[in-house]
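Just below is one structure, and these are the notes that go with it.
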Amino acid sequence: MEDNPVKLMEILTGEKNPILRQKSQPVEHLTKEVRDLIMQMKRIMNDNNGVGLAASQINVSLRVIICEVDNKFYAFINPEIIKFSKETSSLEEGCLSLPNIYGEVKRPEKIILRAINSDGTKIKLKAFGLLARVIQHEIDHLDGILFIDKAKNIKREMQRTGGQI
């Protein structure tokens, strides 16, 4: 797949970027192009030291997200959170699309997710901790929501490295 002639995509940035504010469209059919997109998203996420990425962040308006937590890679197509825990926690988040901006976001600690994986299998996943947070952050992207819309104590810093969602 490394020599796939798919054009190189870059991460869209900016809190006022209209593309980042659009709602993404469902994936109708799992095609080779969708699987190639997932692999390209993984490369882009890893090259930028991220832990999650939504297709909308690279200007592809499809409901596809990926994340890598505890050295396990996940790809979710048409993800939908069907249950949120009542327990919440606040944690500082950042975003590859909003470099050097950080803020505390309160989110449910546990979720149940329904999605399709890259093999085309319908899955239901119970997620908690960082994985649940990253999934919620990325699904927000699919709905045109940025973490700063929910964050408190927003900080804008000159530069920081690693660990951005």
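None of the figures in this text is laboratory data; all of them are computed from the coordinates on show. These numbers come from a predicted model, not from an experiment. Positions of Cβ are generated from backbone atoms using ideal geometry, with glycine treated the same way; all protein chains shown enter the neighbour counts.
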| task | Look at Leu125 and say whether it is over 22 Å from Asn59 (Cβ atoms) and either among the β-branched types (Val, Ile, Thr) or crowded, with 16+ Cβ neighbours inside 10 Å (or both). | result | yes
| query | Out of all the residues in the stretch 50-68, which are closer than 13 Å to Asp143 by Cα, in contact with an Asp or Glu (Cβ under 9 Å, 6 or more places away or on another chain) and part of a strand (DSSP E or B)? | reply | Ala54, Ile65
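For every residue, the table says whether it meets (1) touching a residue at least 24 places away in the same chain (Cβ under 8 Å); (2) buried (at least 21 other Cβ atoms within 10 Å of the Cβ).
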| position | (1), (2) |
| --- | --- |
| Met39 | yes, no |
| Ala54 | yes, yes |
| Val69 | yes, no |
| Ala75 | yes, yes |
| Glu80 | yes, no |
| Leu91 | yes, no |
| Lys110 | yes, no |
| Ala115 | yes, yes |
| Asp119 | no, no |
| Is it true that some residue in the stretch 68-88 is of a type in the set (Ser, Thr, Tyr) and touching a helix residue (DSSP H, G or I) at 6+ places or on another chain (Cβ under 6 Å)? | no
| task | Check the stretch 119-141 and report whether any residue there is over 27 Å from Leu37 (Cα atoms) and among the hydrophobic types (A, V, I, L, M, F, W, C). | result | no
